[in-house]
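Structure, as structure tokens:
Read the figures in this text as sums done on the coordinates, not as results from a lab. Just so it is clear, the structure is predicted and the values come from calculations on it, not from any experiment. Here Cβ is always computed from backbone atoms with ideal geometry, including for glycine, and neighbour counts include all displayed protein chains.
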Amino acid sequence: MKRKPPKKVREAPKDLSRAVDELSWIVQHDEHDARLDRFLARHLDWRSRTSIVELLQAGQVKVAGEVVTKKSFRLREGKKVSVAVPPPEEPERHEE
């Protein structure tokens, strides 16, 4: 069985004139041992699960200051989770 090539990971914008928000949270007692992707889905409820996985793959998520790319990473109480969230891309305008 032939494997499909891996999907290209979308990178954060390289244009430094565009703002990037960094959001952070401290893992609470009731969130201890939660999967990172589910934790982020709860806290970034305006983003799709797919876009959260893309943030992880692009190295935009840190736990206790270390980049984490594994969506099944288990969180520990008291650890800081931070995410560099690029703003949504503006649709291209076509001149008529």
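The fewest-to-most ranking of 43, 29 by surrounding Cβ atoms within 10 Å reads 29, 43.
Taking the Cα centre of the range 21-85 as the origin, how large is its charge dipole in debye, to the nearest 20, when only Lys and Arg (+1) and Asp and Glu (-1) carry charge on their Cβ atoms?
So the dipole magnitude of the range 21-85 works out to roughly 220 debye.
A straight chain from residue 25 to residue 84 at 0.36 nm per residue would run longer than the Cα-Cα distance by 20.0 nm.
Distances between placed amide hydrogens fall under 5 Å for residue 77 paired with 33, all partners being 5 or more residues away or on another chain.
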